[in-house]
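First the structure, in the form of structure tokens, and then the observations on it.
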2 protein chains.
Amino acid sequence: MEGFAGGALAAEVSLAGGLGFIGGTTDLAPELELAASIISKDVSFAQHTEKTFPIGVGFLTFITDIEKVLPVLGKWKPKVVWLFAAKEVRDYQTWAERIREVTNGESQIWLQLGSVAVALEVLKTARPDVIVAQGSDAGGHGFDRGAGIISLTPEMRDNMNDSGFENVPIVAAGGIADGRGVAAALTLGAEGVVMGTRFLASEEIRIPDGNYRQAILQGKDGGQYTVRSNIFDKLRGPSIWPTGYNGRAVVSTSYREFLEGVSVEDLRKRTKEAEGGSKKDYGVQGRSAVWAGAGVGLVNKVQSAREIVIEVRESAVKILELVRSRI
Amino acid sequence: MEGFAGGALAAEVSLAGGLGFIGGTTDLAPELELAASIISKDVSFAQHTEKTFPIGVGFLTFITDIEKVLPVLGKWKPKVVWLFAAKEVRDYQTWAERIREVTNGESQIWLQLGSVAVALEVLKTARPDVIVAQGSDAGGHGFDRGAGIISLTPEMRDNMNDSGFENVPIVAAGGIADGRGVAAALTLGAEGVVMGTRFLASEEIRIPDGNYRQAILQGKDGGQYTVRSNIFDKLRGPSIWPTGYNGRAVVSTSYREFLEGVSVEDLRKRTKEAEGGSKKDYGVQGRSAVWAGAGVGLVNKVQSAREIVIEVRESAVKILELVRSRI
């Protein structure tokens, strides 16, 4: 959610009882200040006495200069620092140690992973407070091979329990867009969930000009409307991503032409040409990537972040009650 | 589950209160007779007065000669006839009509699909009694593009409700291997679930000689241990599957070499050579396909089919109670 999830969205999610995240950026301070200005207006938060700031921040570790962000983390002590996409698994340990140093161990470390084996490895080295289990239905960047949360979450939970990490919670990510997905994640063994795509239809999201949001709201049949591929990272030049990652985005003209055998070079030319116009075209007929998860078909209206959090939470409880009463 | 799920497995699943299926074969009668011989020993089933036989049968419609199976269906009236992988979507209508004709409309028609749009189409034409929503975590053959059941099930449910098909149940398939998966599927809007991979570790399954079962039991990190690809269908000759399908199988030597750029022709030669030996090698180091879902990491012991059904059902109820009590 880099560039999309700023201080306003994060603040509103936290005010509604969730935990809002600011998407990875090295220009973090202005976003935290924006979040603070919103949160401080709320009486309960203005009086809050926790040692951490009630907002999370996320980083793509492979492209983030740790030296640039550590001072901000030290000053603000965000409740959670979420790390994703390390070039090497061992980098998580360095990051975790440095962050704990500057935050006096008060900021939690969350690591987003898609493999049981990697989870068991980092639990012993980086010692994260939470594992974010990212399934293959997730929008935007993720792992180019892996299971959906339906299989990933319970297998990760069992293996963590067996290895003495029964106290480390799992938060499930990927394909969850409403209360039903939340209820499902909880039964699978997650303690919480991450939602990204649903917030692309929030009022507070920073969304590119043009028809990006329209492409989200119009999405139907999410598993057909979106696809995982590494072509989306190559449309503006060589991919900067480490091996093992790709991204889920809307099936676009670029993707269709890629399937038809158009060369990456030609796709780049065509994308550059298209993006040279007054507005980028983000639709199904467009060339620019629209990152979205397989749950996009469940996202049909714009709401405030607060409404989304409250609606999803209430609906999850109702569904669990309903299903329990039926069986 | 063609070739794997015979009459003995199907009978035991039904005796345990599930609905057992015989996997697609044109030599159906002996399997139904085997199932009948087992079921008839159970007092409650011996006295059962339903018009249908309490077993389901499944067909891959693109390779099944409908004329060969219709007489058997007419004679036995299986409770459910499950259709998958039609060459053209409209073929489902022909199949459904002919089956209803020979069974006096008494056998239910289930259609296995992975797209919301296709579901809405067939509901109007073939008029299935149930939609099997197959997600991308499913083992064996499935759709080469699509969502996991975490997104697919609720979106399908919403759209079916909006189109007047609120009374047609969804059964979820793909990645479910224990009670947690069942509980999750129910909260997502499914009325039931399908399990395949879990039954590869049942006592009653017909599993190839050699280390096929070992490859299932040893599987860890299901999303890494298995992968969706169409290469598995090409190892013994050209794929016979229609466009739009591929299969999830264990990451094998064949698959790794495919990634390394070994030609399909060479892979075929090597597979033929390997399979010419006394036993096929089905392990991670093998060349023959081991079909398995992303939930394979949750399958760790051999049990009777009856034990599996009872354990999964009881565990699903417990989990729903536990999660409900926690929130």
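See the values below:
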quantity: Shielding by other protein chains, A:317-324, mean Cβ within 10 Å; calculated: 6
quantity: For A:R270, label point 7 Å along C-beta direction: distances to other copies, nm; calculated: 3.4
quantity: GluC sites (Glu not before Pro) within segment B:128-213: DSSP coil, no more than 15 neighbouring Cβ in 10 Å; calculated: B:E166, B:E191, B:E203
quantity: Cβ neighbours within 10 Å from other chains - mean over B:141-148; calculated: 6
quantity: Most to least packed among A:181-187, B:281-287 [average Cβ atoms within 10 Å]; calculated: A:181-187, B:281-287
quantity: Cleavage-rule hits (GluC sites (Glu not before Pro)) in segment B:58-109: DSSP loop, at most 11 neighbouring Cβ within 10 angstrom; calculated: B:E88
quantity: Per-residue HN-Hα couplings for segment A:130-145 [Karplus 6.51, -1.76, 1.60; θ = phi - 60°; Hz; x = Gly/Pro]; calculated: 8, 9, 8, 8, 9, x, 5, 7, 4, x, x, 7, x, 8, 6, 9
quantity: In degrees, nearest ten, helix A:66-76 long axis to first principal axis of chain A (Cα); calculated: 50
quantity: Restricting segment B:241-327 to GluC sites (Glu not before Pro) in coil, as DSSP defines it, with at most 11 other Cβ within 10 Å; calculated: B:E260
quantity: Interatomic Cα distance distribution for segment A:90-198, bins of 5 angstrom, percent; calculated: 2, 13, 24, 22, 20, 12, 6, 1
quantity: Chain A: most fluctuating residue of A:G192, A:G139, A:G24 per GNM, C-alpha cutoff 10 Å; calculated: A:G192
quantity: Cα-based helix-to-principal-axis angle, A:91-102 vs chain A, degrees rounded to 10; calculated: 50
quantity: Hydrodynamic radius by Kirkwood, which averages 1/r over all alpha carbon pairs of segment B:229-309, in angstrom; calculated: 14.0
quantity: Calculated P(r) of chain B - Cα pairs past 31 Å, %; calculated: 31
quantity: Peptide B:111-121 - average C-beta neighbours from other chains (10 Å radius); calculated: 2
quantity: Within-15-Å neighbourhood charge of B:K41 [Cβ basis; K, R +1; D, E -1]; calculated: -3
quantity: Fluctuation leader among B:K234, B:K77, B:K41 - chain B, Gaussian network, Cα springs under 10 angstrom; calculated: B:K41
quantity: The protein assembly as shown - Kirkwood radius from inverse mean 1/r over Cα pairs (Å); calculated: 25.8
quantity: Local electrostatic count at A:I131 - Lys and Arg +1, Asp and Glu -1, tallied over other residues with Cβ under 14 Å; calculated: -4
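Each value in this text was obtained by applying a stated rule to the coordinates, not by laboratory testing. What you see is a predicted model, and the numbers here were worked out from it, not measured in a lab. Cβ coordinates were reconstructed from backbone atoms using ideal geometry, including for glycine residues, and neighbour counts include every protein chain displayed.
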